[in-house]
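Student: My questions all concern the structure below.
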């Protein structure tokens, strides 16, 4: 049985040892930009789970969402349609964690199932947060397979150190790095410190 480091994550361009959590602006709710939300995650060390109100999470439980997408493929996720600044699905800001850490903290790949399959498998209501709808009807598709999503039930507590975060511009990368350095210098380090800040 192979160890984590023996798996082919680094040998194939379609695989990665990392998971990504993308942030976006919530200006309509609290005036926070995607960068503000990223900083909040780092200072608190916690990613809040999404609730069921918006229809993305099934069942009564919140869930934290990640993508299993190589860095080079993010350009296909962060399209103009997905990154509309008024109502974005994603923006080029995010957290990078290893799959090893994610798995140890309860993250698992989601189950892509139709509503009919979900009922037939009799998945308990308390476990529906694991299910993402995958439906094909006479040529019409409801599919999020391209996200290769992993989820964790509820909020996700980050470790003290993570491999990286990424931001949109080099200027933002410099400012965020400086903020992190000042916090450390003042003996008030943030709850989660990235090893690097990568401009997208």
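A short reminder: the numbers here are calculations on the coordinates, not readings from a lab. Owing to the predicted nature of the structure, the values given are computational and were not obtained by experimental measurement. A quick note on method: Cβ atoms are made from the backbone with ideal geometry, for glycine too, and the neighbour counts reach across all protein chains shown.
Student: Residue check: is residue 75 within 19 Å of residue 169 (Cβ to Cβ) and either loosely packed, with under 15 Cβ neighbours inside 10 Å or free of Cβ contacts under 8 Å to residues at least 40 places away in the same chain (or both)?
Tutor: Values: within 19 Å of residue 169 (Cβ to Cβ): yes; either loosely packed, with under 15 Cβ neighbours inside 10 Å or free of Cβ contacts under 8 Å to residues at least 40 places away in the same chain (or both): yes.
Judged against the criteria, residue 75 is a match.
Student: Within segment 149-160, is even one residue closer than 17 Å to residue 18 by Cα, within 23 Å of the chain's Cα centre (by Cα) and in a helix (DSSP H, G or I)?
Tutor: If we filter segment 149-160 for residues that are closer than 17 Å to residue 18 by Cα, which is where we start, we get 149-152, 156-160.
Then keep just the ones that are within 23 Å of the chain's Cα centre (by Cα); that gives 149-152, 156-160.
Now drop any that are not in a helix (DSSP H, G or I), which leaves none.
No, there is no match, as no residue in segment 149-160 is closer than 17 Å to residue 18 by Cα, within 23 Å of the chain's Cα centre (by Cα) and in a helix (DSSP H, G or I).
Student: Within segment 6-36, can you find the residues that are more than 18 Å from residue 152 (Cβ to Cβ) and in contact with a strand residue (DSSP E or B) (Cβ under 9 Å, 6 or more places away or on another chain)?
Tutor: Within segment 6-36, 9, 25, 26, 32, 33, 34, 35, 36 qualify.
Student: Report the residue count in segment 161-189 for those that are surrounded by fewer than 18 Cβ atoms within 10 Å (Cβ to Cβ) and either at positive phi or outside any helix (DSSP H, G or I) (or both). Working first, answer last.
Tutor: From segment 161-189, those surrounded by fewer than 18 Cβ atoms within 10 Å (Cβ to Cβ) are 161, 163-164, 168-171, 174-175, 177-179, 181-189; that's our starting set.
From what's left, either at positive phi or outside any helix (DSSP H, G or I) (or both): 161, 163-164, 168-169, 186-189.
Count: 9.
Student: Something else: Given 89, 108, which one is surrounded by fewer than 16 Cβ atoms within 10 Å (Cβ to Cβ), closer than 20 Å to residue 156 by Cβ and in contact with a helix residue (DSSP H, G or I) (Cβ under 8 Å, 6 or more places away or on another chain)?
Tutor: 108
Student: Given 41, 123, 47, which one is surrounded by 13 or more Cβ atoms within 10 Å (Cβ to Cβ), in contact with a helix residue (DSSP H, G or I) (Cβ under 8 Å, 6 or more places away or on another chain) and closer than 30 Å to residue 163 by Cβ?
Tutor: Details: 41 fails: in contact with a helix residue (DSSP H, G or I) (Cβ under 8 Å, 6 or more places away or on another chain); 123 fails: closer than 30 Å to residue 163 by Cβ.
Among 41, 123, 47, only 47 is surrounded by 13 or more Cβ atoms within 10 Å (Cβ to Cβ), in contact with a helix residue (DSSP H, G or I) (Cβ under 8 Å, 6 or more places away or on another chain) and closer than 30 Å to residue 163 by Cβ.
Student: Moving to a separate point now. Which of the numbered conditions does residue 136 fail, given that it passes all the others? Conditions: (1) touching a strand residue (DSSP E or B) at 6+ places or on another chain (Cβ under 6 Å); (2) part of a strand (DSSP E or B).
Tutor: Exception for residue 136: condition (1).
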